[in-house]
Amino acid sequence: MNWDRIEGNWKQIKGKAKQQWGKLTDDQLDVIAGKRDQLLGKIQEQYGITKEEAERQIAVFEKRLGGDKDTLSRH
């Protein structure tokens, strides 16, 4: 999954990010606006995890989105 596509479809994908990382608020997700580095930092901050673990979680999220054609085809 190309992160540019995720960023471009953030309004549709934001709900899936909220499901994945429930501690992130809607306001935080709005500020993140699909920017990977912002998401990485907020996950680390909210969950108290290492950058490596946050990277791993984002990679799993990206892979899951890659298989979800409905989310990306609506835009």
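For region 5-55, a tally of residues being under 22 Å from residue 66 (Cα atoms) and touching a Ser or Thr at 6+ places or on another chain (Cβ under 8 Å) returns 4. Contact map, region 11-34: residues that are among the aromatic types (Phe, Trp, Tyr) paired with residues that are modelled with pLDDT under 95, Cβ distance under 6 Å, separation 6+ or inter-chain. No pairs are found. In region 1-60, which residue that is part of a helix (DSSP H, G or I), among the polar types (S, T, N, Q) and out of contact with any helix residue (DSSP H, G or I) (no Cβ under 6 Å at 6 or more places or on another chain) is surrounded by the most Cβ atoms within 10 Å (Cβ to Cβ)? Going through the qualifying residues, I end up with 57.
The values are calculated or read from the model by the stated rules, or taken from the named source; none is laboratory data. Note that the coordinates shown come from a computational prediction; the quantities given were computed from them, not determined experimentally. Please note: Cβ atoms are built from the backbone with ideal geometry, for glycine as well, and neighbour counts cover all protein chains shown.
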